[in-house]
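Here the structure is laid out as structure tokens; the discussion comes afterwards.
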Amino acid sequence: MVYAILLCAVASLSTGLGGVIVALCPRMTKRTLCISQGFAAGVMLGISFLDMLPKSFQSFAQTGGVFIAAAKMSVLFGAGWLAAVLMAKVVVPKQEPQTQKDFAAAKRLCAVTTAVIVLHNLPEGMLTSFSGYGDLNFGFHIAFAVAMHNIPEGMAVASSALYISSSKTKAVLQSFGAGMAELAGGAAALLLMHSFITPSLLCGVLAVISGLMIQVSAAELMPNGAKIYSFKAVFAGMWAGVAAITIGMLII
């Protein structure tokens, strides 16, 4: 159990590492903010479509057949998507004057990104700790994959926080805080639910997290990044993120 929690801790701290990377940037411009949001979106989309959803489907299919697997995965994916939509509605900041349109978009981006990353880090912590508890080798694989996409998530949180506050300290602390939700979720779930860990539960968590990440990428990170600077920049960042996570998955 200790090793499982340690794996979860390493994965969660990588979110803060993303914040440190942003803090080392000389200056946070609209272009840099836009590209960082696109990069985070690309990583989330890549790991969801290339890793999490296929694993979830394959595992469900082994126990219930193709159609049952598709139905289960669709319902859980939809639940994650809906949770992200509701969270986005709850945390929308008050409307800013039209003259502050870019700043208002950045505020929304910061609030929504942080809230949804915290929300999806809770079940993701469960996934990391449960995987390590069931099989240490598999847990290491999951923790590495989670850490890979947590770094750009931390960059997304920190870059928007830095843009609206101009405080590198606040940006780094906000990214570390978002990452700590993963450790809290993983440790609490492992201590309270370790006797209920099953492959189906892990697959369900994968599908829910995928729904969360795809929704926030497609509906929040990319559109708001494009509003702040340009669609071309956010699109370039997205493809860079997809390439980065694909290479990372090939390595492991």
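The values are calculated or read from the model by the stated rules, or taken from the named source; none is laboratory data. The structure presented is a predicted model; accordingly, all values stated were derived computationally and were not measured. Cβ placement follows ideal geometry from the backbone for every residue including glycine, while neighbour counts extend to all protein chains displayed. To get the accessible areas, we keep the full protein, side chains included, count just its heavy atoms, and leave off ligands, DNA and RNA. Shrake-Rupley method; radii C 1.70, N 1.55, O 1.52, S 1.80 Å.
Does V2 satisfy the criteria of being within 23 Å of T246 (Cα to Cα) and of a type outside the set (S, T, Y)? Here the answer is no, as V2 does not meet what is asked. Residues of the range 211-220 include none that is over 13 Å from the mean Cα position of the chain (by Cα), within 10 Å of G38 (Cβ to Cβ) and not aromatic (F, W, Y). Here K55, K101, K94 are screened, and the one residue that is at pLDDT below 80, part of a helix (DSSP H, G or I) and open to solvent by 30 Å² or more (accessible area, probe 1.4 Å) is K101. Just one of the numbered conditions (1) out of contact with any Lys or Arg (no Cβ under 8 Å at 6 or more places or on another chain); (2) open to solvent by less than 40 Å² (accessible area, probe 1.4 Å) is not true of A207: (1). Within the range 1-52, can you find the residues that are over 17 Å from M148 (Cβ atoms), assigned to a helix (DSSP H, G or I) and open to solvent by 10 Å² or more (accessible area, probe 1.4 Å)? Within the range 1-52, V2, Y3, I5, L6, A23, K30, R31, T32, I35 qualify. Restricting attention to the range 59-89 and to residues that are open to solvent by less than 40 Å² (accessible area, probe 1.4 Å) and free of Cβ contacts under 8 Å to residues at least 12 places away in the same chain, the residue that is nearest to I214 (Cα to Cα) turns out to be A61. For the range 226-239, the tally of residues that are more than 28 Å from A145 (Cβ to Cβ), open to solvent by 60 Å² or more (accessible area, probe 1.4 Å) and in contact (Cβ under 8 Å) with a residue 40 or more places away in the chain stands at 2.
Looking at the structure I just gave you, is A187 crowded, with 16+ Cβ neighbours inside 10 Å and in contact with a Pro (Cβ under 8 Å, 6 or more places away or on another chain)? No: the conditions fail for A187.
Any chance the range 240-251 includes a residue that's open to solvent by 10 Å² or more (accessible area, probe 1.4 Å), under 17 Å from the mean Cα position of the chain (by Cα) and within 22 Å of W81 (Cα to Cα)? There is at least one residue in the range 240-251 that is open to solvent by 10 Å² or more (accessible area, probe 1.4 Å), under 17 Å from the mean Cα position of the chain (by Cα) and within 22 Å of W81 (Cα to Cα).
Conditions (1) closer than 21 Å to A9 by Cα; (2) of a type in the set (F, W, Y), marked per residue:
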position	(1), (2)
M155	yes, no
S167	no, no
S175	yes, no
A188	yes, no
M222	no, no
F235	no, yes
